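Structure, as structure tokens:
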Amino acid sequence: MLEVKVPSVGESISEVQIGQWLKQEGEWADRDETIVELETEKASVQVPAPEAGYVRNVRKQREEFAAVGDVLCDLEPAPAPDHPSENTNEPVADSSASTSQPASSGGPDDAPRVMPAAQRLMEERGLTASQVTPTGPGGRILKEDVLAAKAHPLPAAQQPKSAPVLQTGMAKSTSGEVSPSASGELNRMEEVKPLSMIRRTIAARLVQAQQVAALLTTFNEVNMQPIMDLRAKYKDAFIERHGVKLGFMSFFAKASVEALRRFPTVNAEIRDSNIIYRHYNDIGIAIGGGKGLVVPVLRNVELMSFADVERSIGDFAKKAMENRLLPTDLEGGTFTISNGGVYGSMLSTPIVNPPQSAILGLHAIQDRPMAVDGKVVILPMMYLALTYDHRIIDGREAVSFLKTVKEVCEDPTRLFLEV
């Protein structure tokens, strides 16, 4: 037997959380094929099979924690079977005896395999395997696939018996609604789940920022009409030439580069008793992924074209949804842009990501009546927010930085003329 252990995933990382088991106990794994995904405080890490063989003795289940060097499972090396998924000579534990086994979809031999978490969710939503599009390795149905499928809840009488048990004092009516018991007491169920590694890191970073830095937020607003007109004019030509859509984020990334050039303190950090000035712009772009908000970093944005920025953001967004971001994708960063507008936020005060000194918050674009040359006109306006560390950045610099971003976005030709 070969031991499959938690690999070293970074100098500062000593603990991981078990994510998705892509190979269940008794299943065949080819050499270098991913067996399990691990969640670190920064990103997901895939653990491959060191040799071809059968997965044995799974020691850690999903959402459990493990230290670097802990054994996750064993691997029994063996010659590759002709049809590993249909091998009848290889004993596989019954799914009712172990939650690590993939549940049967109840279909024919070529039906997709259903992972345990996905099977439970399918039962809750009244879905069959034929109604879900599998995206997992080997055509497996994952929990994420079920979430993406249209829900068809089962009637109350057919709900799975594995549903959480109501606490004493809770009564259920014939309609399935919860009502107080005869004693008049109404209890409510609670579910306890451990914080994910990424969420724990986010929580620690946010608390650190509030405790260490002297945070202040300044606001401005930008007329988005010039950018919207420019995008409309060149969107087809841009896609044809670069193979990627021209979005808003590239304009704000390049506008931030110009503002950071004029006010380098916003791009600096306090380290011990020194100020570290960076002559490069590594800008983090906040992205909502499968495991929550992550901030992959675009390196040297000052050297990137609009197409480079859009392409990189698209690649990071795809990796985030598939939980394939690497720790190196999230490391570093001298400045951050967070777009809460995609979720409908009108105004917010973003929190700085230490050791950075500032973060730019973007918000929803809404038509508002504005005074222009003595007349009231309707314009697509966006509020901007810059949260900064007042220990290193003065108010004048912060306000001027945000004003620069506004001016550049309202007249994008400034980006090309450098004025």
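Read-outs throughout are calculated quantities, based only on the coordinates presented, and are distinct from any laboratory measurement. The structure presented is a predicted model; accordingly, all values stated were derived computationally and were not measured. Note that each Cβ is placed from the backbone with ideal geometry, even for glycine, and that neighbours are counted across all protein chains shown.
Miscellaneous remarks
- Backbone geometry of region 387-403 corresponds, through the Karplus equation with coefficients 6.51, -1.76 and 1.60 at θ = phi - 60°, to 3J(HN,Hα) couplings of 8, 9, 8, 5, 5, 10, 10, 6, x, 4, 5, 5, 5, 5, 4, 5, 5 Hz, x marking Gly and Pro.
- Mean sequence separation of contacting Cα pairs (under 8 Å, at least six apart), scaled by the length of region 263-419, corresponds to a relative contact order of 20 percent.
- Long-range amide H partners of residue 281 with built H, under 5 Å: 300, 301, 302
- Convex hull volume per residue in cubic angstrom - Cα atoms of region 214-417: 131 Å³
- Pairs from 375/406; 193/319; 235/375 whose Cα-Cα separation, in the structure shown, is over 27 Å: 235/375
- Built amide H within the under 5 Å cut-off of residue 384, gap 5+: 220, 221, 222
- Of 367, 329, 30, 272, the sequence from fewest to most neighbouring Cβ atoms within 10 angstrom is 272, 367, 30, 329.
- Residue order, fewest to most beta carbons within 10 Å, for 40, 218: 218, 40
- J(HN,Hα) series, region 358-373, from Karplus relation 6.51 cos²θ - 1.76 cosθ + 1.60, nearest Hz, glycine and proline x: 7, 9, 9, x, 9, 9, 5, 8, 9, 5, 9, x, 10, 8, 10, 6
- Counted by neighbouring Cβ atoms within 10 Å, the residues 197, 115 run from fewest to most as 197, 115.
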